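Let me begin by presenting the structure, written as structure tokens, before commenting on it.
The values are calculated or read from the model by the stated rules, or taken from the named source; none is laboratory data. Values in this document were obtained by computation on a predicted structure and should not be read as measured data. Here the Cβ positions follow ideal geometry from the backbone for every residue, glycine too, while neighbour counts run over all protein chains shown.
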Amino acid sequence: MMSGVERAEEQRQIDQVVHRLTELFPYVPDHVITETVDSAYRRFDGARIREYVPLFVERYCRALFVLQPAVEISA
């Protein structure tokens, strides 16, 4: 079980992921990036080892934005 400090740190890292993706993909609307990151993050809700969750979320979202045009993602 995560402590409050660990949970806050993980959320800070997820916020940084959103920020980095927003800078890397300026043509993708901010709300789409946020929703995509939130969705990917929820996939790890049951993960017992949390250390790499933000990294996996970022890699998944980055690959998604590279492979799909923004029009498809936001439709």
* Filtering segment 25-36 down to residues that are assigned to a helix (DSSP H, G or I) and of a type outside the set (A, V, I, L, M), which residue is surrounded by the most Cβ atoms within 10 Å (Cβ to Cβ)? -> T36
* To do: Please specify each residue of segment 48-63 satisfying the condition of being free of Cβ contacts under 8 Å to residues at least 12 places away in the same chain and not aliphatic (A, V, I, L, M).
  => R48, E51, Y52, R59
* Of all residues in segment 1-41, which are polar (S, T, N, Q) and at pLDDT below 95? -> S3
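Within segment 48-63, how many residues are part of a helix (DSSP H, G or I) and not aliphatic (A, V, I, L, M)?
Of the residues in segment 48-63, 7 are part of a helix (DSSP H, G or I) and not aliphatic (A, V, I, L, M).
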* To do: Of the conditions (1) loosely packed, with under 12 Cβ neighbours inside 10 Å; (2) under 11 Å from the mean Cα position of the chain (by Cα), F56 clears all except one; give me its number.
  => (1)
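The rows are residues; the columns are (1) surrounded by fewer than 17 Cβ atoms within 10 Å (Cβ to Cβ); (2) among the polar types (S, T, N, Q); (3) assigned to a helix (DSSP H, G or I); (4) touching a residue at least 24 places away in the same chain (Cβ under 8 Å).
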residue: M1; (1), (2), (3), (4): yes, no, no, no
residue: A8; (1), (2), (3), (4): yes, no, yes, no
residue: V17; (1), (2), (3), (4): no, no, yes, yes
residue: T22; (1), (2), (3), (4): yes, yes, yes, no
residue: D38; (1), (2), (3), (4): yes, no, yes, no
residue: G46; (1), (2), (3), (4): yes, no, no, no
residue: F65; (1), (2), (3), (4): no, no, yes, yes
